[in-house]
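Just below is one structure, and these are the notes that go with it.
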Amino acid sequence: MENLSLENFIKGIPKAELHLHIEGTFEPELMFEIAERNNTKIDYSSVEELKSAYNFNNLQEFLNIYYTGAKVLQKEEDFYDLTWAYFLKAKEDNIIHTEIMFDPQTHTERGIPFDVVINGISKAQEKAKLELGITSKLIMSFLRHLDQNSAFEVYKNYEKHKEKIDAVGLDSSEVGNPPILFSQIFSKAKNDGLKITVHAGEEGPPEYVWQALDILNVHRIDHGNRSLEDVNLINRIAQQQIALTVCPLSNLKLKVVRDLKEHPLKKMLDLGIKVTVNSDDPAYFGGYINENFLATAKAINLTKEDIYKLIKNSFDASFVCDSHKKQMFERLEKYYSKTNFIYK
Ligand SMILES: [Zn+2]
């Protein structure tokens, strides 16, 4: 048995990421580089000034900056560069499979064609599979601060890009925009055979999680923290093994939790919930997936078994076929049986 530091144990363990917004991986350096080559202006004068604005009191304050940053993206190569930069980071973190969300409306609403967005992302996905050995799925997410008609409008592109899109999601400002408002578009997507994953219970009440389950018929819940306020809901999620894609550093940055020591991840595991660890919008929240694991492990003393379980959950809750899951489980087992860590 090889004994590693916690950091190296986390670094080496093969893992999957299930909650990641590609626009949220936009690092300030790349943002300035792309802005310059496209002759676009950013509202901030330097990388440092932009970074210092990454101080949020809630989801909406973050979203305002996030949408400003996304405006820089205009050409197919911009979307390709953004996605490729994430894959390189994913390789460093030993991610072997990732399920990426993108927000087409953030771009189509400002006149960027859907094809430009998806083709750029998709080319990076293909290259990552060939050159980095990282598989991926793509989740087309609807912005809930826009209405269902707008979601239907963007959904018209699905037919043309069927092979590239695996699932649909729902994100952006949660409070006041409950899942029920989007029941028809998700019903349509379900009929088309797409998987469904919806942000619920991050800032919104448990009622939104119920709606996601009962009305949108989701396969996964993104975040879901506030489910813990409703014991019947916890039981339902645990019994049906609905995965929650939890994002600890995001929760900290957006003040969903005051301190990582108070993070409910361990409690969720103990309740038998299929919980996973993810980075959400890592460029804005101070850490990619390994940093999320490391900071949380230190804060709430995750054991080797906890880390193993969290990663196994993410393979299990992924949208890949059973034989692909089996391959990932085997890689995890191999590492787990040979490697240990010590808290220092
Ligand atoms: Zn998210």
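Bear in mind that the values in this text are calculations on the coordinates, not laboratory data. Keep in mind the model is a prediction, meaning the values are calculated, not measured. Cβ coordinates were reconstructed from backbone atoms using ideal geometry, including for glycine residues, and neighbour counts include every protein chain displayed.
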If you rank R110, R144, R236 by fewest surrounding Cβ atoms within 10 Å, what's the result? R110, R236, R144
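Estimate the FRET efficiency between N149 and K338 by the formula 1/(1 + (r/R0)^6), using the beta-carbon distance for r and 35 Å for R0, to the nearest 0.05.
Details: r = 54 Å, r/R0 = 1.54.
In this case the efficiency is close to 0.05.
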With +1 on each Lys and Arg Cβ and -1 on each Asp and Glu Cβ, and nothing else charged, work out how big the dipole of segment 38-164 is about its Cα centre, in Debye to the nearest 20. 240
Going by how many other Cβ atoms sit within 10 Å of their own, how do C247, C321 line up, fewest first? C321, C247
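Taking only DSSP H segments of four or more residues, each worth -39500 (n - 2.57), what value at 222 nm results for the chain once the sum is divided by all its residues, to the nearest 500 deg cm²/dmol?
Details: 17 runs with 165 residues, N = 344.
The helix-only estimate for the chain comes to -14000 deg cm²/dmol at 222 nm.
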Simple label model, 7 Å out from Cα along Cβ direction - N119 to D214, nm: 4.5
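Counting residues in the chain as N, plug N into 2.2 N^0.38 Å and put the Cα Rg over that result. Present the calculation step by step, with values, prior to reporting the outcome.
Details: Rg = 19.0 Å, N = 344, 2.2 N^0.38 = 20.2 Å.
Relative to the 2.2 N^0.38 Å estimate, the chain comes out at 0.94.
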Part-to-part distance (alpha-carbon centres) for segment 196-242 and segment 257-276, which is given in Å: 15
May I ask for the net charge around K51, where only other residues with Cβ less than 12 Å from the Cβ of K51 are counted and Lys, Arg are +1 while Asp, Glu are -1? -4
With x for Gly and Pro, the residue-by-residue ³J(HN,Hα) of segment 120-127, computed from phi through the Karplus equation 6.51 cos²θ - 1.76 cosθ + 1.60 at θ = phi - 60° and given in whole Hz, is x, 5, 5, 4, 5, 4, 5, 5
Specify, per residue and in Å³, the volume enclosed by the convex hull of the alpha carbon atoms belonging to segment 60-111. 101
Sequence-separation-based contact order of segment 2-342, relative, with Cα cut under 8 Å and 6+ spacing, percent: 22
Can you list the residues, at least 5 places off or on another chain, whose amide H is less than 5 Å from the amide H of V275, using H built in the peptide plane? L244
For the residue pair K190 and E305, what label-to-label distance in nm results when each label sits 7 Å from Cα along the Cα-to-beta-carbon direction? 3.6
In whole Hz and in residue order, list the ³J(HN,Hα) couplings for segment 200-211 that follow from phi through the Karplus curve 6.51 cos²θ - 1.76 cosθ + 1.60, θ = phi - 60°; x for Gly and Pro. 7, x, 7, 10, x, x, x, 3, 5, 5, 4, 4
What's the center-to-center distance, using Cα atoms, between segment 17-62 and segment 323-341 in Å? 35
Would you work out which of Y288, S150, L265 lies farthest towards the positive end of the dipole of the chain, given +1 charges on the beta-carbon of Lys and Arg and -1 on that of Asp and Glu, about the Cα centre? L265
What dipole magnitude, in Debye to the nearest 20, does the chain give about its Cα centre under +1 on Lys/Arg Cβ and -1 on Asp/Glu Cβ? 980
Estimated inter-spin distance, E49 and Q239, nm [label 7 Å along Cα→Cβ]: 5.7
Within segment 142-157, the residues whose backbone N lies under 11 Å from a label point placed 7 Å from the Cα of N38 along the Cα-to-Cβ direction are none
In terms of Cα to Cα distance under 27 Å, which lysines are near enough to K255, apart from those fewer than 8 places away along the same chain? K11, K15, K51, K71, K89, K266, K267, K274, K298, K309
Amide hydrogen neighbours beyond the local backbone of T339, cut-off 5 Å, H modeled: E2
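How would you rank 324-336, 43-55, highest first, on the average number of other Cβ atoms within 10 Å across their residues?
Values: 324-336: 15.4, 43-55: 13.2.
Averaged packing, sorted descending, gives the order 324-336, 43-55.
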DSSP-defined beta bridges in the chain - what % are antiparallel, rounded to 5: 0
Once phi is turned into ³J(HN,Hα) by the Karplus curve 6.51 cos²θ - 1.76 cosθ + 1.60 with θ = phi - 60°, what whole-Hz value does each residue of segment 329-338 show in order, with x for glycine and proline? 4, 5, 5, 5, 4, 4, 5, 4, 6, 10
